[in-house]
Amino acid sequence: MRRGEKLVFAIMATVVVVVMAKNIFTIETQKQPDKGIPFYTTASQQLTKEASEIYRVQGCRQCHSLWTVKNMLETIPAPALDGIGSIRTEEWFYNYFSAKNPQAILPSRLKKEYSMPSYASLPEHDRRVLAQYMASLKVKDWYLEDTKKMEYEKLTGKTYKGQ
Ligand code: HEC
């Protein structure tokens, strides 16, 4: 065989091996049930609509991701809000948004300009709507442990050992 032919042959052989390996892998993973998207909300359409409007106007997505939507130009490592209502209560959110200094409730590892701003000056109604909506953001049980671990480690820089 000439050099060129050898090369073509080698490439074809590699492709065949890769495709075979991929098939075996796919068959393996298909045995596992598909868990799907772990996030959902229990909010009514009305609440979703109202909260989304406040969320947009207040620029929460400048820092946070929710439903995997995030302003891609921003690189602030703020926690993702998907499923957050599974680990905190509506009351907690309300107090957090109402705090003059949110870092007194949840410490920050970030510089002041990147950390969670105070929304104490928002109208009470808006803070309640946001809190209600945040509390409605749920995550399925199997995913909760992973989320807790990720958020904990991101916020504290320590290894999560379970609760
Ligand atoms: C300037 C960036 C920024 C903006 C804007 C911002 N956040 Fe945050 N937020 C953060 C950061 C960073 C944290 C983590 C705590 C900290 O570092 O202060 C946080 C924490 C939170 C938490 C607590 C998360 C947890 O782990 O319990 C909630 C809930 C939250 N933000 C919701 C919101 C909502 C709703 C808005 C809009 C009204 C908003 N944030 C706007 C940066 C931001």
Problem set entry | Top-ranked residue of segment 115-147 - restricted to ones that are assigned to a helix (DSSP H, G or I) and in contact with a Phe, Trp or Tyr (Cβ under 7 Å, 6 or more places away or on another chain), ranked as farthest from the ligand (Cβ to nearest atom) | Arg128
For this session: Would you tally the residues in segment 146-163 being in contact (Cβ under 8 Å) with a residue 12 or more places away in the chain and either within 14 Å of Gly85 (Cα to Cα) or aliphatic (A, V, I, L, M) (or both)?
Result: 4
For this session: State yes or no: is Asp146 within 16 Å of the chain's Cα centre (by Cα) and loosely packed, with under 12 Cβ neighbours inside 10 Å?
Result: no
For this session: Take Lys49 and decide whether it is over 30 Å from Ala131 (Cβ atoms), of a type in the set (Lys, Arg), at pLDDT 65 or above and outside any loop (DSSP other than H, G, I, E, B).
Result: no
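The rows are residues; the columns are (1) surrounded by 17 or more Cβ atoms within 10 Å (Cβ to Cβ); (2) more than 10 Å from the ligand (Cβ to nearest atom); (3) assigned to a loop (DSSP other than H, G, I, E, B); (4) under 20 Å from the mean Cα position of the chain (by Cα).
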{"residue": "Pro77", "(1), (2), (3), (4)": "no, no, yes, yes"}
{"residue": "Asp82", "(1), (2), (3), (4)": "yes, yes, yes, yes"}
{"residue": "Tyr96", "(1), (2), (3), (4)": "yes, no, no, yes"}
{"residue": "Leu106", "(1), (2), (3), (4)": "no, no, yes, yes"}
{"residue": "Glu113", "(1), (2), (3), (4)": "no, no, yes, no"}
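The values are calculated or read from the model by the stated rules, or taken from the named source; none is laboratory data. Keep in mind the model is a prediction, meaning the values are calculated, not measured. With ideal geometry, Cβ positions are generated from the backbone for all residues, glycine too; neighbour counts draw on all protein chains shown.
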